[in-house]
Amino acid sequence: MSLDLLARLGLASQNPGVWLGDRATGSGPALLSFNPATGEPIAEVQTGTADELAHLLGEAAAAAAAWQAVPAPRRGEAVRLIGEALRRHRDDLGSLVSLEMGKIRAEGIGEVQEMIDIADYAVGLSRMIGGRTLPSERPDHRMFEQWHPLGVVAVITAFNFPVAVWAWNACLAAICGDVTVWRPSPHAPLCAIAVQRLVNAALAGGGFPPAFYLFCEAGTEHVGRLLDDRRVPLVSFTGSTPVGRQVAARVAGRLGRTLLELGGNNAVVVDATADLDLVERAVLFGAVGTAGQRCTSTRRLLVERSVADALVERLAAAYAQVPIGDPLAPGTLLGPLIDAAAVARFEAAVSAARAQGGLLVCGGGGLPRAGHFVRPAILRMPAQTPVVREETFGPILYVIPWDTLDEAITLQNEVAHGLSSAIFTRDLEAAERFLAATGSDCGIANVNLGTSGAEIGGAFGGEKDTGGGREAGSDSWKAYMRRQTCTINHGRTLPLAQGITFGAGPA
Ligand code: UN1
């Protein structure tokens with residue numbers, strides 16, 4: 001099954017991991033990609049060398065000059081072809097995501113749908129991005145803003161959304177007139193190569209010049225070159241907060257820009273008026289979906305004390321029914337974690353939570369089978385202890401009771417991250433209180449839906465240790481362009497702003 005799947009996506013047992021448009025190379029060490037559900041290798045990738053990256057950056061810089069000369073709506077046409085190619089390969093690509101990264105197939109396909117959605121969005125934007133005209137204080141002057149492409153954008157992606165987050169960045173960057181250099185997670189190089197093949201074939205088929213570059217490496221030997229190169233004005237990074245901090249500092253050292261999406265410690269707040277059926281479904285998807293490996297996964301459940309027992313009982317019953325196993329098999333809801341280290345981190349967090357006074361309601365251990373499977377855990381915590389304040393990428397749900405909504409909001413905000421948040425309530429005042437400036441401090445705040453599974457039309461990202469970046473919808477496209485303020489004097493005199501008179505010339 002997996003060999004056929006690879007073949008349909010143009011992959012073989014060995015695959016070049018450096019792509020300059022539709023030309024592929026790779027003379028560095030081999031990188032093996034593993035199936036986290038079995039621990040077995042899927043296929044091999046030839047990573048790139050320092051020389052290959054240097055050459056790639058030179059080509060990408062030249063390609064950026066050519067790409068920005070293509071009118072934006074034509075660039076939109078190129079992205080439309082990409083969306084069509086993705087539609088044709090949606091299920092296969094979704095299966096590959098599932099095979100290589102371990103999320104269940106429905107979520108793998110959903111991830112490719114998210115790529116298609118952002119492609120469609122970008123096509124529309126390609127005829128809408130534009131600047132404002134602003135009133136000038138000087139007579140016979142016109143002041144306006146215009147937006148120009150940045151050039152080369154580096155996109156460094158994480159294993160958990162191995163294709164969609166690239167698409168958020170690359171589709172917007174493409175219509176904005178930028179070319180992207182993608183450095184994928186070493187856990188998911190095959191997904192990146194399959195996407196790269198598809199999009200470059202789509203561009204070449206439409207007669208477009210290259211706009212997408214790929215550089216695979218096994219570790220972090222070469223990524224610093226992308227951070228340091230002044231021909232890369234923007235580095236978009238998705239990953240952990242500690243690594244994001246290093247990326248931000250290094251790129252800032254040359255006054256380059258970063259777009260950071262660094263994870264979250266997302267809470268669902270439930271009050272006594274909430275519809276517990278909705279809560280149960282939302283928390284199951286948010287905490288167990290993707291094996292808790294989304295940035296937006298629900299990690300904390302902050303419940304009004306009077307409904308805590310009832311809700312925990314429901315959730316424990318629902319968790320007991322979760323089919324764990326092969327993520328490609330129909331019916332499975334929980335696949336593996338990405339690797340053995342992730343299982344160890346999961347188990348260590350569960351132990352720490354118990355040591356900090358947590359009561360284990362269910363789950364918590366690894367499964368005695370091949371692959372990196374765990375039983376999803378629910379822990380009742382007496383308070384927001386140190387382990388609860390940490391982001392552990394796995395299916396752990398900490399349940400903490402509260403007595404007043406103010407207390408719940410304080411708990412919600414009292415962690416380092418600020419990505420996603422939700423409240424379940426039928427009380428309008430509580431909902432509005434949660435969304436007010438003194439309410440949730442996150443980039444995403446929902447009412448009566450969970451923390452994960454955002455649609456692409458809104459800006460995606462968060463505050464504090466989440467990094468402050470915004471990707472995908474709304475006006476996130478502005479991150480991929482440089483703003484220019486232009487003033488035109490169409491009069492015959494030279495009035496100065498602020499009414500300044502300088503020298504003796506006529507006013
Ligand atoms: C991520 O986990 O890095 O909102 C992205 C969501 C998805 C994107 C998650 N649309 O859960």
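Here is a check on your reading of the model: is residue 322 within 16 Å of the ligand (Cβ to nearest atom) and surrounded by fewer than 22 Cβ atoms within 10 Å (Cβ to Cβ)? Don't jump to the end; show me each part of the working.
On the way: within 16 Å of the ligand (Cβ to nearest atom): no; surrounded by fewer than 22 Cβ atoms within 10 Å (Cβ to Cβ): yes.
So residue 322 fails the test.
What tally of residues in segment 292-317 results from selecting those that are within 12 Å of the ligand (Cβ to nearest atom) and in a helix (DSSP H, G or I)?
Result for segment 292-317: 1.
Every residue, every condition in (1) away from the ligand (no atom under 12 Å from the Cβ); (2) outside any helix (DSSP H, G or I); (3) not assigned by TED's automatic domain parsing to the domain that holds residue 133, yes or no:
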| residue | (1), (2), (3) |
| --- | --- |
| 431 | yes, no, yes |
| 441 | yes, yes, yes |
| 452 | no, yes, yes |
| 474 | yes, yes, no |
| 479 | yes, no, no |
| 503 | yes, yes, yes |
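Which residues, counting only those in segment 319-351, are hydrophobic (A, V, I, L, M, F, W, C), within 28 Å of the chain's Cα centre (by Cα) and assigned to a helix (DSSP H, G or I)? Result: 340, 341, 342, 343, 344, 346, 348, 349, 350.
Any residue that is part of a helix (DSSP H, G or I) and either of a type in the set (S, T, N, Q) or within 21 Å of residue 470 (Cβ to Cβ) (or both) - is there at least one of those in segment 191-198?
Scanning segment 191-198, I find at least one residue that is part of a helix (DSSP H, G or I) and either of a type in the set (S, T, N, Q) or within 21 Å of residue 470 (Cβ to Cβ) (or both), so the answer is yes.
Being crowded, with 24+ Cβ neighbours inside 10 Å and away from the ligand (no atom under 12 Å from the Cβ) is the filter here; which residues of segment 264-278 pass it? So that I can check it myself, show each step before the final result.
The initial filter retains those residues of segment 264-278 that are crowded, with 24+ Cβ neighbours inside 10 Å, namely 264-270.
Within segment 264-278, 265, 267, 268, 269, 270 qualify.
When 102, 21 are checked against the criterion of being at pLDDT below 95, more than 21 Å from residue 221 (Cα to Cα) and of a type in the set (Gly, Ala, Ser), a single residue qualifies: 21.
Beta carbons closer than 6 Å, at least 6 apart along the sequence or on distinct chains, pair a first residue in segment 138-161 that is within 22 Å of residue 68 (Cβ to Cβ) and at pLDDT 95 or above with a second that is in a strand (DSSP E or B) and within 16 Å of the ligand (Cβ to nearest atom) for 155/182; 155/236.
Can you pull out every residue in segment 48-84 that is without any contact (Cβ under 8 Å) to a residue 12 or more places away in the chain, not in a helix (DSSP H, G or I) and not hydrophobic (A, V, I, L, M, F, W, C)? Once the filter is applied, which keeps residues that are without any contact (Cβ under 8 Å) to a residue 12 or more places away in the chain, not in a helix (DSSP H, G or I) and not hydrophobic (A, V, I, L, M, F, W, C), segment 48-84 yields only 71. Inspection of segment 405-414 finds a residue satisfying the criterion of being away from the ligand (no atom under 16 Å from the Cβ) and among the β-branched types (Val, Ile, Thr). Among residues of segment 86-102 that are in the same structural domain as residue 158 (by TED's automatic domain parsing), those with a Cβ under 7 angstrom from a residue that is basic (Lys, Arg) and part of a helix (DSSP H, G or I), sequence gap 6+ or separate chain, pair up as 92/8; 94/105; 95/105; 98/105. Condition (residue is more than 30 Å from residue 176 (Cα to Cα), within 16 Å of the chain's Cα centre (by Cα) and not hydrophobic (A, V, I, L, M, F, W, C)) applied to segment 207-229: is it met by at least one residue? Among the residues of segment 207-229, not one is more than 30 Å from residue 176 (Cα to Cα), within 16 Å of the chain's Cα centre (by Cα) and not hydrophobic (A, V, I, L, M, F, W, C), which makes the answer no.
Quick check, is residue 424 more than 12 Å from the ligand (Cβ to nearest atom), aromatic (Phe, Trp, Tyr) and exposed (fewer than 15 other Cβ atoms within 10 Å of the Cβ)? Considered against the rule, which asks whether it is more than 12 Å from the ligand (Cβ to nearest atom), aromatic (Phe, Trp, Tyr) and exposed (fewer than 15 other Cβ atoms within 10 Å of the Cβ), residue 424 comes out as no. Of all residues in segment 141-186, those satisfying the criterion of being away from the ligand (no atom under 16 Å from the Cβ) and either among the polar types (S, T, N, Q) or within 17 Å of residue 296 (Cβ to Cβ) (or both) are 146, 180.
Just wondering, is there one or more residues in segment 358-366 that are modelled with pLDDT under 95, assigned by TED's automatic domain parsing to the domain that holds residue 297, more than 16 Å from the ligand (Cβ to nearest atom) and not aliphatic (A, V, I, L, M)?
Among the residues of segment 358-366, at least one is modelled with pLDDT under 95, assigned by TED's automatic domain parsing to the domain that holds residue 297, more than 16 Å from the ligand (Cβ to nearest atom) and not aliphatic (A, V, I, L, M), which makes the answer yes.
The values are calculated or read from the model by the stated rules, or taken from the named source; none is laboratory data. The model shown is predicted, which means the values in this text are computed figures rather than measured ones. Because the Cβ atoms are built from the backbone with ideal geometry, glycine has one as well, and the counts that use them run over all protein chains shown.
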